[in-house]
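What follows is calculated from the coordinates using simple rules that are stated; it is not laboratory data. What you are looking at is a predicted structure, and each value in this text was computed from that prediction instead of being measured. Positions of Cβ are backbone-derived with ideal geometry, glycine not excepted, and every protein chain shown enters the neighbour counts.
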């Protein structure tokens, strides 16, 4: 059985709302005018301040598993781990993702993407057509 997620309650707005789609920047301007860190009903922290984002991303109090917030079940991922687990795993895989190694992968990645996009015409959902197929 597939679980449904109430996106507006998590984000604090409906990204599929026709008004939002017509002018998403009006929503962003309202957030920007507040110049604050806000919490959505779903427990996400939101800000439009670059400086504040930097502070939040470096503050352990804003980890992936803060206390008092219901956890949404999801695939266990390196990206959702907090230190020290994230730090330990990052150290282990970091040597495999040096600039030189990533550059060596470029021809293969380009070939796979070219193949996935070979028959694509017109408007396309890149997540469905490319990202989900590439993983």
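Rounded to two decimals, the Cα radius of gyration of the range 1-62 over 2.2 N^0.38 Å is 1.28.
Taking 0.36 nm per residue of separation and subtracting the current Cα-Cα distance, fully stretching the chain between residue 88 and residue 59 would add 8.6 nm. Peptides 106-114, 36-44, ordered by how many other C-beta atoms sit within 10 Å of their residues on average, highest first, read 36-44, 106-114.
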